[in-house]
Amino acid sequence: MTTDIVLTGIKPTGKVHLGNYIAAIKPALQIANNSDCTALYFIADYHALTFIQNRDEINDLSYGIAATWLALGLDLDRVIFYRQSDVPEIFELNWILSCLTSKGLMNRAHAYKAIIDNNQLLGMDTDMGVNMGLFTYPILMTADILLFQSDKVPVGKDQIQHVEIARDIVDAFNWNYGDTFKLPNYIVDENTYVIPGLNGRKMSKSYSNTIPLFESADDLKKLINKIKTDSIPPNQPKDPDTSNVFLLYKEFATPSQVQVLRDRYQEGISWGEAKQELFQVMNNFLEEPRKKYYELMASPETIDSILSEGAKKAKALAAPLLENVKTKIGRYK
Ligand code: ADP
Ligand code: TRP
């Protein structure tokens, strides 16, 4: 029996926040720890390059993402963990796939379309602010996925279209050269919901309303105190199920703690107290990973060596497929 290949990438475009952790990292760690699969998780640094063209920034963010996964318990015996740019085979496949992908398919990709729609609305040049990396972003993502014959790709809802594009590219290649690539499937966790940010809107680095995962305990407390609540005074019952403080609490507390807080909401806990409870459970959970995170960030050579080990494994895994593809396109006699 062959085991499924599960692959996902995270772009280093910002400090990891609670929304990223709850909706993307935590479920991916659960898949790797609980199921019989070959898991490949990587830092999509060349995807980030389409947005971030500042040397120090992209460098710091890449180490930050790597340290985050490691600090949260990524098991290097179960997951091949690498930096995208350490595996140039991806970019070789990217070019080959580019030549089999119609421009029209890219015109329909949502990130590009959103920019040109906005430019048109503002009466600007249609392609203002669009670099070719951004335009062909879904092809690079397809190469990430196909190079390892991935079966399952855990992603957020916004990435479903990209996996569908990958399937279209598989069809185009296989139709022309015969059966070569497997069709990948996305996994979207239907139970994950949008994690609200400090102001109640979707938590996102684009809205500057995030709670970064590894703030100091003091800063974490200050941020939690900023979470927007309604004006129901202390001693009046509050609805836990519409409270963002409670929603976050559930992610970090045990079921019995959740029940206790639920009861205290009905008894009229003050928002200040509820936030204090949230801080306690979050800080408890994050204390150890935070320590590990800062240790790793102080030792980039440790991260480099872990990632280069991962890249070696990834390259070995990819080599036969890439040779097969090159044979099919006519690179060898
Ligand atoms: P951001 O919105 O901060 O730019 P990204 O787009 O880089 O975050 O998201 C990385 C991953 O985290 C994606 O899988 C995305 O779906 C998930 N994610 C980000 N923010 C949230 C949120 N507020 N709620 C749920 N999932 C989120
Ligand atoms: N495009 C994804 C994002 O923006 C990141 C990513 C790059 C990815 N390559 C991937 C995700 C391959 C899954 C599989 O979040």
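The values are calculated or read from the model by the stated rules, or taken from the named source; none is laboratory data. What you are looking at is a predicted structure, and each value in this text was computed from that prediction instead of being measured. Counting neighbours? That spans all protein chains shown, and the Cβs are built from the backbone with ideal geometry, glycine included. Note: areas computed on protein heavy atoms with side chains; ligands, DNA, RNA excluded. Shrake-Rupley method; radii C 1.70, N 1.55, O 1.52, S 1.80 Å.
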Within the stretch 92-114, count every residue that is open to solvent by less than 50 Å² (accessible area, probe 1.4 Å), under 23 Å from the mean Cα position of the chain (by Cα) and within 17 Å of Met132 (Cβ to Cβ).
5
Check the stretch 195-206 and report whether any residue there is buried (at least 16 other Cβ atoms within 10 Å of the Cβ) and over 17 Å from Val16 (Cα atoms).
no
Selection from the stretch 134-147 of residues that are within 16 Å of ligand 1 (Cβ to nearest atom) and surrounded by fewer than 20 Cβ atoms within 10 Å (Cβ to Cβ):
Leu134
Which of the following residues is modelled with pLDDT of 95 or more, open to solvent by 70 Å² or more (accessible area, probe 1.4 Å) and either of a type in the set (A, V, I, L, M, F, W, C) or farther than 22 Å from Ala23 by Cα (or both): Asp263, Asp239?
Asp239
I need the full set of residues from the stretch 198-212 which are within 16 Å of ligand 2 (Cβ to nearest atom), of a type in the set (Ser, Thr, Tyr) and modelled with pLDDT under 95, in order please.
Ser204, Ser206
Boolean, Gly9 is crowded, with 21+ Cβ neighbours inside 10 Å, assigned to a helix (DSSP H, G or I), under 14 Å from the mean Cα position of the chain (by Cα) and within 13 Å of ligand 2 (Cβ to nearest atom):
no
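Could you go through the stretch 29-36 and let me know if any residue there is more than 24 Å from Ser216 (Cβ to Cβ), outside any loop (DSSP other than H, G, I, E, B) and within 14 Å of ligand 1 (Cβ to nearest atom).
Applying the first criterion (more than 24 Å from Ser216 (Cβ to Cβ)) to the stretch 29-36 yields 30-36.
Pick out the ones that are also outside any loop (DSSP other than H, G, I, E, B) and you get 30-34.
Keeping just the survivors that are within 14 Å of ligand 1 (Cβ to nearest atom) gives 31.
Checking the stretch 29-36: at least one residue is more than 24 Å from Ser216 (Cβ to Cβ), outside any loop (DSSP other than H, G, I, E, B) and within 14 Å of ligand 1 (Cβ to nearest atom).
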Is it the case that the stretch 215-225 has a residue that's modelled with pLDDT of 95 or more and basic (Lys, Arg)?
yes
When you scan the stretch 99-197 for helices (runs of 4 or more DSSP H) that lie fully inside it, which ones turn up with 3 or more residues that are within 11 Å of ligand 2 (Cβ to nearest atom)?
137-146, 160-177
Cross-chain or 6+ apart pairs with Cβ under 8 Å, the stretch 211-229 first and under 16 Å from Lys15 (Cβ atoms), then open to solvent by less than 30 Å² (accessible area, probe 1.4 Å) and small (Gly, Ala, Ser)
Ile211/Gly197; Phe214/Ala71
